[in-house]
Amino acid sequence: MRAMIASEWCEPADLRLVDLADPEPKAGEVAIDVAAIGCNFFDILMVRGKYQVRPPFPFSPGGEVAGTVRAVGPGVADVAPGDRVFAMLGCGGYASVAIAPEATVVKMPPSMSFEHGAAFGIVYQTSYVALVHRAALCAGETLLVHAAAGGVGLAAVQIGCALGARVLATAGTAVKLEVAREHGAAEAYDYSTPDWVEQVKAATGGRGADVIYDPVGGDVFDLSTKAIAFGGRLLVIGFASGKIPTIQVNRVLLKNISIVGVHWGAYRTHDPAKISSSMAELFALYERGALRPVVSSVHPLAEAAAALDEIATRKSIGKVLLVP
């Protein structure tokens, strides 16, 4: 097998492509011949040693893969060699063969391609859990999605529309704003200036958005407290801006708003049944055409640094993939 390996905390450009012996699955594990690999912002943080998960060296980053089961370890009952699957890993995905715990492996619908599989699991799960289980988004409410042309952002736009919400969006370029509109946003605003706050207020008759989905943090989070409706829910998804914000809690009190954390990975430990039920609901939406992953670029495994640079510099739209 071939894999991109980090031997110390480093930049993505320092990852090395190496040849390794093919791994064998242990009890409860599944070996997957990888066809496509989903890249995520947390892959960058992981190789830098700035993510909450710090694997022992050497390790391969990569939290999601799609491919065909090549072998299963003792005790594995739900998948078998030859099954088309995707897996949501902690790490180890930047490789031609990946080992995944059975609990993280999901059989793909027959209509789903490997590219869609590698682009589906984490971003759609994160957005679904955020909007349905954490924010209780209702049909007819207004949802504001920041960074709406990114991986989780586009997933949130599509899911919000499927749930019957009126979706507003922000992004940083005209191209990305148009992508958000193409995928269901009623209106889209440039968040590189603070004008979007007044635009959201105008679009909602001065009320503000009922739910705000924020994977950006920093100044965008701060301004969101001015664009949220009374009783609104502000979802903390991540900090792509690189700045972890703070909040004046008098704003929370005066507008009766809720600041709601979304750590999807923690459900594996605390409520794994929610992951399974959410995936079934997401597959139903996919099969009826309400959800369609957007892949902006596909790179060879050896070009992992270039793929991650697209994410770090916010050039990507939707998901960036690697193929081994």
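The values are calculated or read from the model by the stated rules, or taken from the named source; none is laboratory data. None of these values were measured; they are calculated from a predicted model. Don't worry about glycine lacking a Cβ; one is built from the backbone with ideal geometry, like all the others, and counts go over all protein chains shown. Heads up: the accessible areas ignore ligands, DNA and RNA and are worked out on the full protein's heavy atoms, side chains in. Shrake-Rupley method; radii C 1.70, N 1.55, O 1.52, S 1.80 Å.
Identify which of A118, A302, A185 has the largest mean-square fluctuation in a Gaussian network model of the chain, with springs joining Cα atoms closer than 10 Å. Sorting by GNM fluctuation, first place goes to A302. Electrostatic bookkeeping for T142 treats Lys and Arg as +1 and Asp and Glu as -1; over the other residues with beta carbon under 13 Å from its beta carbon, the sum is +1. Where the alpha-carbon atoms of the chain are placed on the principal axes, they occupy 61, 38, 34 Å, in descending order.
Accessible area per residue was computed with a 1.4 Å probe on protein heavy atoms; V79 scores about 10 Å². Within the listed set D195, D309, D43, the residue fluctuating most in the Gaussian network model of the chain (springs between alpha-carbon atoms under 10 angstrom) is D195. Which of these, L20, L223, L177, has the largest mean-square fluctuation under a Gaussian network model of the chain (Cα springs below 10 Å)? Looking only at L20, L223, L177, the biggest GNM fluctuation is shown by L20.
Each label point was placed 7 Å from the Cα along the Cα-to-Cβ direction; for A174 and S113 their separation is 2.9 nm. Solvent exposure of the chain, expressed per residue, is 41 Å² of accessible area, with all protein chains present and a 1.4 angstrom probe. Surface composition of the range 47-98: carbon and sulfur atoms hold 53% of the protein heavy-atom accessible area at a 1.4 Å probe. Accessible surface for H263 stands near 100 Å², nearest 10, in the context of the full protein assembly shown (1.4 Å probe).
Using alpha carbons only, how many angstrom separate the centre of the range 179-255 from the centre of the range 58-92? With the range 179-255 and the range 58-92 each reduced to a Cα centre, they are spaced 37 Å. Legend: residue pairs K176/K315; K26/K50; K176/K319; K201/K255; K226/K255, Cα-Cα distance threshold 20 Å; pairs beyond threshold, K26/K50.
Taking the range 100-141 and a reference point 7 angstrom along Cα→Cβ of S276, the backbone N atoms nearer than 18 Å belong to 101-109, 125, 129. Among the protein heavy atoms of the range 171-324, carbon and sulfur supply 55% of the accessible surface, probe 1.4 Å, non-protein parts ignored.
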